[in-house]
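**Student:** Here it is, the structure in full.
The values are calculated or read from the model by the stated rules, or taken from the named source; none is laboratory data. Worth saying up front: this structure is predicted, and the values here are computed from it rather than measured. Note that each Cβ is placed from the backbone with ideal geometry, even for glycine, and that neighbours are counted across all protein chains shown. Note: accessible area is taken over every heavy atom of the protein model, side chains too, but ligands, DNA and RNA are not part of it. Shrake-Rupley method; radii C 1.70, N 1.55, O 1.52, S 1.80 Å.
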Amino acid sequence: MASPWIDVSVTLRTGMVHWPGDPPVRIIHAKDMERGDPCTVSLLEMGAHVGTHMDAPAHFVRGGCGIDKIPLDAAIGPARVIAIRDQESIKPDDLVHHRIRRGERILFKTHNSARCWDTDSFVEHFVYISAAAARYLTDRQVRLVGVDYLSVGGFHVDEVDTHQALLKAGISIIEGLNLRRVRPGRVQLVCLPLKIAGADGAPARALVRPIDRVSRKKH
Ligand SMILES: [Zn+2]
């Protein structure tokens, strides 16, 4: 029997953590049955890079395409969850022994998953992909990279370089995953960003399902 799907998305709600300087999240009832309206309708106010989301090239590359134009199959299919012990950043040395191959979808499970999502305050010292590691990943021609906090790059360090290296190479980016419940190894990934015209990013729902390695019984 296949393993169950694990929801690795972060719940969007008013007051949740957001990137410093980006718009905060505010979700209110524009119409409300409790106030006598015939139905309840929420008003959503948020930046495009809040919670679990995907980045479009337009986020860091001038003239880059919007989230409505990115290839959707990049975020649907087999992927690999790689555990990172480095508590500062992901470096090429952390990656070499994983034998990352061309076309792979790589999700990095760092200390962020256990420590960053329990607070509404922004965690400045989260584990990010160093610019050198981003170049390593582009050299390997991976298809997609997913990280477990709000940016592939760091806070005031390698933010621009890491984003640009990945996006210019056509590598898809998922940010804001919570991989706490996922073990390192092979998974199936499904992640779909909202289709917002020309947007630099969009919130997404992301699921993974571990791929069982149990060999089939022989008859
Ligand atoms: Zn983003």
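**Student:** Apply the Kirkwood formula to segment 1-81: the hydrodynamic radius equals the inverse of the mean of 1/r over all pairs of different alpha-carbon atoms; give it in Å with one decimal.
**Tutor:** Here the Kirkwood hydrodynamic radius works out to 16.0 Å.
**Student:** Across segment 177-186, in residue order, what do the Karplus-derived ³J(HN,Hα) couplings come to in whole Hz, using 6.51 cos²θ - 1.76 cosθ + 1.60 with θ = phi - 60° and x for Gly and Pro?
**Tutor:** With the stated coefficients, segment 177-186 comes to 7, 10, 9, 3, 8, 10, 7, x, x, 7 Hz.
**Student:** Would you work out the relative contact order for the chain, in percent, from Cα pairs under 8 angstrom that are 6 or more residues apart?
**Tutor:** 30
**Student:** Right, something else. Per 0.36 nm of contour for each residue apart, how much would the distance between residue 97 and residue 119 grow if the chain were fully extended, relative to their Cα-Cα spacing?
**Tutor:** Gain on extension, residue 97 to residue 119, equals 4.6 nm.
**Student:** Around residue 201, which amide H atoms from residues at least 5 apart in sequence, or from another chain, sit under 5 Å from its own amide H, with H modelled in the peptide plane?
**Tutor:** Long-range HN contacts for residue 201: 56, 67.
**Student:** Residue 107's amide H: which non-local residues (gap 5+, or another chain) put their own amide H closer than 5 Å, with H modeled 1.01 Å from N in plane and none for Pro or chain starts?
**Tutor:** It is 80, 81, 82, 146, by chain and number.
**Student:** When DSSP assigns beta bridges and you keep just the ones with both residues in the chain, what percent turn out antiparallel, to the nearest 5?
**Tutor:** Approximately 70 percent, going by the DSSP bridge assignments.
**Student:** Continuing with this model, one more query. With every protein chain in place, what's the accessible area of residue 125 (1.4 Å probe, Å², nearest 10)?
**Tutor:** Roughly 140 Å² of residue 125 is accessible to a 1.4 Å probe.
**Student:** Before anything else, pin down the relative contact order of segment 124-219: Cα pairs under 8 Å, at least 6 apart, normalised by residue count, whole percent.
**Tutor:** 23
**Student:** Averaged per residue, what accessible area in Å² does the chain show with a 1.4 Å probe, protein chains only?
**Tutor:** 54
**Student:** Looking at the P(r) of segment 126-172, how many percent of alpha-carbon pairs lie beyond 18 Å?
**Tutor:** When all Cα pairs of segment 126-172 are counted, 15 percent exceed 18 Å.
**Student:** Please report the net charge: other residues with Cβ closer than 14 Å to the Cβ of residue 106, K and R +1, D and E -1.
**Tutor:** So the environment of residue 106 carries a net charge of +4.
**Student:** Need the list of aspartates and glutamates near residue 31 for cross-linking: C-alpha distance under 19 angstrom, and skip anything on the same chain fewer than eight residues off.
**Tutor:** Result set, ordered by chain and number: 45.
**Student:** Find, to one decimal place in angstroms, the Kirkwood hydrodynamic radius of segment 24-141, where the mean of 1/r is taken over every pair of different Cα atoms and then inverted.
**Tutor:** Across segment 24-141, the inverse of the average 1/r is 17.6 Å.
**Student:** If you fit an axis through the alpha-carbon atoms of helix 131-140 and take the longest principal axis of the Cα set of the chain, what angle between them do you get, 0 to 90°, nearest 10?
**Tutor:** Helix 131-140 and the main axis of the chain meet at about 60 degrees.
**Student:** Still on this model: Using only alpha carbon pairs under 8 Å that are at least six residues apart, calculate the relative contact order of segment 22-92 and give it in whole percent.
**Tutor:** Relative contact order here is 19 percent.
**Student:** If you don't mind, another one. Which percent of the accessible heavy-atom area of segment 44-165 goes to carbon and sulfur, probe 1.4 angstrom?
**Tutor:** Heavy-atom surface of segment 44-165 belonging to carbon and sulfur, 1.4 Å probe: 48 percent.
**Student:** Further question on the same structure: Sort 176-187, 2-13 for me by packing, meaning the mean count of neighbouring Cβ atoms within 10 Å per residue, highest on top.
**Tutor:** 176-187, 2-13
**Student:** Who wins for biggest fluctuation among 26, 35, 99 in a Gaussian network model of the chain, springs between alpha carbons below 10 Å?
**Tutor:** 35
**Student:** What does the convex hull of the alpha-carbon atoms of segment 69-219 project to on average, in nm²?
**Tutor:** Answer in nm², one decimal: 10.2.
**Student:** Give a residue-ordered list of calculated ³J(HN,Hα) values for segment 154-164 (Karplus: 6.51 cos²θ - 1.76 cosθ + 1.60, θ = phi - 60°; whole Hz; x for Gly, Pro).
**Tutor:** x, 8, 6, 9, 6, 5, 6, 4, 5, 4, 5
**Student:** A further question on this structure: Arrange the residues 27, 76 by how much accessible surface each exposes, largest first, with a 1.4 angstrom probe.
**Tutor:** I get 76, 27, largest accessible area first.
**Student:** If you take the square roots of the eigenvalues of the alpha-carbon gyration tensor of segment 143-219 and sort them as a ≥ b ≥ c, do you get rounded (a/c under 1.5), prolate (a/b over b/c) or oblate?
**Tutor:** Prolate is the answer for segment 143-219, as a/c is 1.5 or above and a/b outweighs b/c.
**Student:** Could you tell me the distance between the Cα centroids of segment 1-66 and segment 130-168, to the nearest Å?
**Tutor:** Measuring centre to centre over Cα atoms gives 23 Å.
**Student:** Shifting gears a bit: Give me the extension gain from residue 87 to residue 22: residue separation times 0.36 nm, minus the current Cα-Cα distance, reported in nm with one decimal.
**Tutor:** Length gained between residue 87 and residue 22: 20.9 nm.
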